[in-house]
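Submitted below is the structure of interest, expressed as structure tokens.
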């Protein structure tokens, strides 16, 4: 992999952010609105004493910030690929010496930058609006957050591979996949609430362990280190599978001649 | 191709099938260093598929594509670093400024002193004033010049041009051809050129390869082919070949 090619693609996306209101809204406005909405809900629940002894503000604020980290990871990778399809630039990109691994590395880096910006904005708003400091939970949350970025990136990779296979008719998945994941990954409630058969699905998702660990630290002050490693292990397995799937789909569209038709 | 010329492109027994349809049928040809070769044929003849296999965008069913003596599928990165491609049907991102587009592609090709290179190309292609503009605001002629500037960023040894003048008016197309010929001479560029404008092909190509239904029907200088068919120009030859089928 060559850094100059990774940087060139990354810079291409960063140029867009300088002047694109929708892209800036994706990073700053929508996460802020989501945080405000859930912040008011949690304050209401806290004041109404529905939540008993549970620190509902911490549970929900932490959950929503972590959820945005996961969503941004997925969204940035899938949309970065779609940008080149929408701009009919895919062919120009793939007649350069760019390798697929470099293409993926640049979108992964873009995801890290977006997640960092979204997290900072949300963490600051949570402090000032709801007196909730994410880092009061301890800096152990950082490796957990990385597991979420990791899983988001894997989902983005799978969606990109599906778009390669089925064309732009599948692009709706880039925006909708997280709504399919959300009910199963126990973002706002513990896995134990779910019916038994859904719990199996839930525990197959690396993100579930992160959200469970987050609730555990809020409620008991203890970190479930084992959950970090389970989440990481699942991520590594899914990464290997998703990379295999992505490369297989790319080989397939090269065989079918579809890469040249994707952006036409 | 002359006997003492080094082969830049060597295509041997190339076949591409899409299910039962044979798009390219046992095509073999070579392009020598510094040659300008026109790849001609009616729509659906297999020109674009051949070019896309040359650029490793499509995997051949069988046969081999060697560029600079190396197999494209095994040495893709190394080879594509020395090739460039331009087509009016492939857009540069309209939501980037002109200099941003050139800067991104300079990065992708690993161009050293990219600012200096962009300035140099902007002067050659008369796009200096366009650099701060949004790419989406360029006219067709300006976009073609930008595409050619992008195609020269890495000082390619082989330039693949797919119908580069198809959307230009005769005046701008003529300027484009003159500019291309000048650059070709200066840099000893090897060019693979497709066009439906036969006068243009006669003007700039040393040799033409006619494809029809995926097969090569003719390979020679424009004069040789015109003589072989007993026609007055390549346009008439094209019509004869296309209507034969």
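The values are calculated or read from the model by the stated rules, or taken from the named source; none is laboratory data. Quantities reported herein were computed from a predicted structural model and do not represent experimental measurements. Using ideal geometry, Cβ is built from the backbone for each residue, glycine included, and neighbour counts are taken over all protein chains shown.
Scanning for something outside the structural domain of residue B:134 (by TED's automatic domain parsing) and at positive phi, does segment B:6-25 turn up at least one residue?
yes
How many of the residues in segment A:15-42 are surrounded by 15 or more Cβ atoms within 10 Å (Cβ to Cβ), more than 9 Å from chain B (Cβ to nearest Cβ) and either free of Cβ contacts under 8 Å to residues at least 12 places away in the same chain or under 21 Å from residue A:93 (Cβ atoms) (or both)?
Residues meeting the conditions: 2.
How do the helices (runs of 4 or more DSSP H) wholly within segment B:93-207 filter down when requiring 2 or more residues that are away from chain A (no Cβ under 14 Å) and closer than 29 Å to residue B:49 by Cα: which remain?
B:140-151, B:170-187, B:198-204
Of these, A:47, A:74, which one is under 27 Å from the mean Cα position of the chain (by Cα) and away from chain B (no Cβ under 13 Å)?
A:74
Just give me the residues in segment A:100-122 being surrounded by 17 or more Cβ atoms within 10 Å (Cβ to Cβ) and more than 18 Å from residue A:17 (Cα to Cα), in sequence order.
The answer is A:102, A:103, A:104, A:105, A:122.
If the requirement is being touching a residue at least 12 places away in the same chain (Cβ under 8 Å), surrounded by fewer than 16 Cβ atoms within 10 Å (Cβ to Cβ) and in a helix (DSSP H, G or I), which of these qualifies: A:166, A:179, A:175, A:151?
Just one listed residue meets the conditions, A:175.
Give B:115, B:133 a once-over and let me know the one that is in contact with a strand residue (DSSP E or B) (Cβ under 9 Å, 6 or more places away or on another chain) and either under 22 Å from residue B:48 (Cβ atoms) or not assigned by TED's automatic domain parsing to the domain that holds residue B:55 (or both).
Unique residue meeting the criteria: B:133.
Conditions (1) more than 17 Å from the chain's Cα centre (by Cα); (2) surrounded by 15 or more Cβ atoms within 10 Å (Cβ to Cβ), marked per residue:
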residue	(1), (2)
B:173	no, yes
B:186	yes, no
B:190	no, yes
B:216	yes, yes
B:222	yes, yes
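Any residue in segment B:9-28 that is closer than 25 Å to residue B:182 by Cβ and more than 14 Å from chain A (Cβ to nearest Cβ)?
yes
Which one of the conditions (1) more than 23 Å from residue A:262 (Cβ to Cβ); (2) within 13 Å of another protein chain (Cβ to nearest Cβ); (3) touching a residue at least 24 places away in the same chain (Cβ under 8 Å); (4) out of contact with any strand residue (DSSP E or B) (no Cβ under 6 Å at 6 or more places or on another chain) does residue B:88 fail to meet, given that it meets all the rest?
In the conditions (1) more than 23 Å from residue A:262 (Cβ to Cβ); (2) within 13 Å of another protein chain (Cβ to nearest Cβ); (3) touching a residue at least 24 places away in the same chain (Cβ under 8 Å); (4) out of contact with any strand residue (DSSP E or B) (no Cβ under 6 Å at 6 or more places or on another chain), residue B:88 misses (1) alone.
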